[in-house]
Amino acid sequence: MTSRSHPIILEAQFSYGFTDLGSAPPSTWPEIAFAGRSNVGKSSLLNALLQRKNLVRTSSTPGCTRQINAFLVRLEHLGPLHLIDLPGFGFAKRSKTERKQWGSMIDQYLRDRAALAGVVVLVDVRRGPESLEASLIQYLQEIREPAIPYLFVATKVDKLPAAQLKPRLDALRKTTPGRIIGFSAKTGLGREELWKQLLEAIPASNRQKACL
Ligand SMILES: Nc1nc2c(ncn2[C@@H]2O[C@H](COP(=O)(O)OP(=O)(O)OP(=O)(O)O)[C@@H](O)[C@H]2O)c(=O)[nH]1
Ligand SMILES: [Mg+2]
């Protein structure tokens, strides 16, 4: 790596989408998944992270992402990795059957995807983690040994007046397990810190596969 704190993105492209793990291609590269309520900003965060305006479809209507979508990213001096955009949790407007199907699709992915190296849990900075996110974290700790690493991101920080941001993040840090990074897809705030954490989650064996 150079001295810059975020990697140089050589390529970012849609790789595959699936609704059933059985039909997903084998996991070739480490995967980092982005989870959170509908409309919290998962797809927007991926676009901001990859510095691509419309690579990942976003929408002001909750429930936009309906399948699990994988984006292949090639970074300078690092092996490739997949960033995984998960459909949002807890979207009440779907039918019960559909919600159940979605739940089991995400559940199966988190439980069985061998390449899953970490989960980023997104919460709106104004809401913070609630019981839904707490159950997700607990679930992540139960389903695998060793547990899948996770990290919280507080999204849409640009919606808070600047003077309120630090006190709000300080308050969230006191009550949130593990690390929480403030992020704005609109201004790019938090992007470097998030990249740094993501790269730490990638298995060392893959990090050494430099020079593609
Ligand atoms: N102001 C502001 N708006 C944001 C930010 N991130 C996302 N949004 C807006 O929030 C809405 C939802 O964003 P998405 O990225 O589609 O949310 P999602 O979590 O992928 O939603 P689902 O696919 O439905 O689960 C869109 O209108 C975005 O423009 C942010 O950092 N700041
Ligand atoms: Mg989405």
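The values are calculated or read from the model by the stated rules, or taken from the named source; none is laboratory data. Source: prediction; values computed, not measured. Neighbour counts are summed over all protein chains in view; Cβ atoms, including those assigned to glycine, are modelled from backbone coordinates with ideal geometry. When the accessible area is computed, the model is the full protein with side chains, heavy atoms only, and any ligands, DNA or RNA have been set aside. Shrake-Rupley method; radii C 1.70, N 1.55, O 1.52, S 1.80 Å.
Okay, here's what the table says:
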item: Distant-in-sequence amide H partners of Leu122 (H built 1.01 Å from N, under 5 Å); result: Ala35, Gly36, Val153
item: Normalised per residue, the volume of the convex hull around the Cα set of segment 9-207 (Å³); result: 117
item: Local electrostatic count at Arg144 - Lys and Arg +1, Asp and Glu -1, tallied over other residues with Cβ under 15 Å; result: -3
item: Radius 11 Å from Cβ of Ser27, net charge of other residues (Lys, Arg +1; Asp, Glu -1); result: -1
item: Cα shape, segment 112-212, gyration tensor, a/c 1.5 rule; result: oblate
item: Estimated vicinal HN-Hα couplings, Hz - segment 125-135 in sequence order (Karplus 6.51, -1.76, 1.60; Gly, Pro = x); result: 4, 7, 9, x, x, 10, 5, 4, 6, 4, 5
item: Carbon + sulfur, % of accessible area of segment 9-207 - ligands and nucleic acids excluded, 1.4 Å; result: 50
item: Violating pairs (Cα-Cα greater than 19 angstrom) within the set Lys53/Lys166; Lys156/Lys186; Lys159/Lys186; Lys42/Lys159; Lys42/Lys174; result: Lys53/Lys166; Lys42/Lys174
item: 3J(HN,Hα) from dihedral phi, segment 184-200, Karplus parametrisation 6.51/-1.76/1.60, rounded to Hz, x for glycine, proline; result: 10, 6, 7, 9, x, 4, x, 4, 5, 5, 5, 4, 4, 5, 5, 5, 5
item: Normalised alpha carbon radius of gyration of segment 19-79 [divisor 2.2 N^0.38 Å]; result: 1.22
